[in-house]
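The values are calculated or read from the model by the stated rules, or taken from the named source; none is laboratory data. On a predicted model such as this, the values are computed, not experimentally measured, just so you know. Cβ coordinates were reconstructed from backbone atoms using ideal geometry, including for glycine residues, and neighbour counts include every protein chain displayed. Quick note on the areas: whole protein, heavy atoms, side chains included, nothing else; ligands and nucleic acids left out. Shrake-Rupley method; radii C 1.70, N 1.55, O 1.52, S 1.80 Å.
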Amino acid sequence: MPAHVVVGAQWGDEGKGKVVDLYTEFADVVVRYQGGNNAGHTLVVERDGKPDKTVLHLIPSGILHDGKRCVIASGVVVDPAICLGEIDALQERGYLQDPEQLIIAEDASVIMPYHCALDLAREAARGDQKIGTTGRGIGPCYEDRVARRAIFVRDLFDRDVLRAKVAPILAEKNMLLAHYGEETYDLDELTEQMCGYGERLRPFVKDARAFIREELQRDRQLLFEGAQGTLLDVGLGTYPFVTSSHTTAAGVCVNTGVAPNGLDQIVGISKAYCTRVGGGPFPTELDDEVGERLRQVGNEFGSTTGRPRRCGWIDAAALRYAVRINGMTGLAVTKLDVLSGLETVKIAVGYTDGQGNEWDEPPMNVDVLAGVEPVYEEMPGWSQDITDVRQWEDLPTAAKRFLERLATILEVPVVLVSVGPARAETIVMRQLHR
Ligand code: GDP
Ligand code: IMO
Ligand code: MG
């Protein structure tokens, strides 16, 4: 079946954007299925002989390929101002010249200004217990969806409909905002502002589920782009230090209407090490000069919030879990170049608590996970710069051994290795196929 998934295998920022952009060449349609502008997906492509960087928060990472349709599915939460800003910025740079290229689901939930205000107010109130959210209103918007009071994108097309829907919701939100000492919103102003966005979004808004169904029936190649990462899944991640959507491959089904047995290849993306932004346990985190080196060499500062990312060794115990729950058929390893120059490299293969308990996958009770120590395998590193390598054979032996060891531990083939941020800086071992 021609439906493939790219999913983050860690805590996000694995390089999903780069891999999706690369795979788009072999796809007809690229679909974002969950999350919102908490995501930041970076693409670097050659333009006029120079590397040209694009950071996308909402629009699928296939958008730089002329003629490839991109869908924001109903499982995504859409901040209309951000979405329009991204559309404008792309169009100014010569992309997205045909509005038909982008489809926004009419029943995607809208992130309203009060969602962002509540996200920030709640985080501030949590003090040192904060999740470290991106402050983009993601959690509060998904809350409203589950509570059956979501504002859909299509609701922004009709002033009366929107006003009637928002009125009872806003009464409650304003009470909450007042409780936190924040400014409240005026119903008429809010309605006016949101309808203005609706008018501009309208040319892109369609029945995305019907489009996806028809494309699959026509045997077109669909690529589903995950945001965040496996361990940030609201159901299967390190709760409560998670995002508010289903980031794993299963999220494709409930968010787009593709049946579970309709998925073909599921490619998990992992860095050759590990990072995390925000709070929550991170067993392989390094608070030493190696961690700092990874942050500097890997430029580990958030593409959405600019926050420094926490860095550590690759965690194959956590990846083993990611392989299992996503049904991963292949692993793409990114940022291998960042490890160049380290004398030795480590892979965590399990955990202990020093009291005789051992785990080969992360215990999902975060209080337990916070107390474990990783069990490492240490391997020789390599000193060569590998950013120019394009063939597996040309990688240093130690780098090949590192990747082979990962594949053995995880029982999944490495299908792609990324050795730099640019589209071309990639070793593709196995392409997506029909
Ligand atoms: P995403 O959220 O999973 O799409 O990842 P981000 O874009 O947030 O973060 C990945 C960062 O690493 C971006 O700055 C990419 O340009 C960069 N990147 C991706 N692959 C590689 C790689 O193989 N090597 C290096 N050095 N940088 C990479
Ligand atoms: P991409 O798609 C890394 C993290 C936040 C926080 C937690 C909850 O670029 O990989 P939220 O704002 O979603 O309620 O925050 O999730 N987080 C991410 N971390 N990459 C992301 O997206 C993330 N999106 C959310 O830092 O810890
Ligand atoms: Mg990111």
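Kindly provide the set of residues from region 108-128 that are free of Cβ contacts under 8 Å to residues at least 12 places away in the same chain and either within 14 Å of ligand 2 (Cβ to nearest atom) or among the hydrophobic types (A, V, I, L, M, F, W, C) (or both), ordered by number. Steps first, please.
From region 108-128, those free of Cβ contacts under 8 Å to residues at least 12 places away in the same chain are 126-128; that's our starting set.
Selection gives ARG126 alone.
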- prompt: Can GLU183 be described as surrounded by fewer than 16 Cβ atoms within 10 Å (Cβ to Cβ) and part of a loop (DSSP other than H, G, I, E, B)?
  reply: yes
query: Name the strands (runs of 3 or more DSSP E) wholly within region 291-359 that hold at least 2 residues that are at pLDDT below 95?
result: none
- prompt: Quick check: anything in region 96-107 open to solvent by 10 Å² or more (accessible area, probe 1.4 Å), in a helix (DSSP H, G or I) and without any contact (Cβ under 8 Å) to a residue 24 or more places away in the chain?
  reply: no
statement: Taking region 130-158 and the residues there that are free of Cβ contacts under 8 Å to residues at least 40 places away in the same chain and among the basic types (Lys, Arg), the one that is surrounded by the fewest Cβ atoms within 10 Å (Cβ to Cβ) would be ARG148
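Can GLY12 be described as of a type in the set (Gly, Ala, Ser), touching a Lys or Arg at 6+ places or on another chain (Cβ under 7 Å) and crowded, with 22+ Cβ neighbours inside 10 Å?
Numbers: of a type in the set (Gly, Ala, Ser): yes; touching a Lys or Arg at 6+ places or on another chain (Cβ under 7 Å): no; crowded, with 22+ Cβ neighbours inside 10 Å: yes.
Answer is no for this residue.
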- request: Check whether at least one residue in region 46-60 is polar (S, T, N, Q) and crowded, with 24+ Cβ neighbours inside 10 Å, and report yes or no.
  value: no
- request: For GLU361, work out the one condition from (1) acidic (Asp, Glu); (2) farther than 19 Å from LYS18 by Cβ; (3) open to solvent by 70 Å² or more (accessible area, probe 1.4 Å) it doesn't fulfil.
  value: (3)
query: Is it the case that region 354-375 has a residue that's touching a Pro at 6+ places or on another chain (Cβ under 7 Å) and polar (S, T, N, Q)?
result: no
- prompt: Residues of region 264-290 being closer than 21 Å to GLU377 by Cβ, outside any helix (DSSP H, G or I) and hydrophobic (A, V, I, L, M, F, W, C), which ones?
  reply: ALA272, CYS274, PHE282, LEU286
field: Residue satisfying all of: in region 256-282; open to solvent by 20 Å² or more (accessible area, probe 1.4 Å) and away from ligand 2 (no atom under 12 Å from the Cβ); nearest to ASN365 (Cα to Cα) among these
entry: PRO260
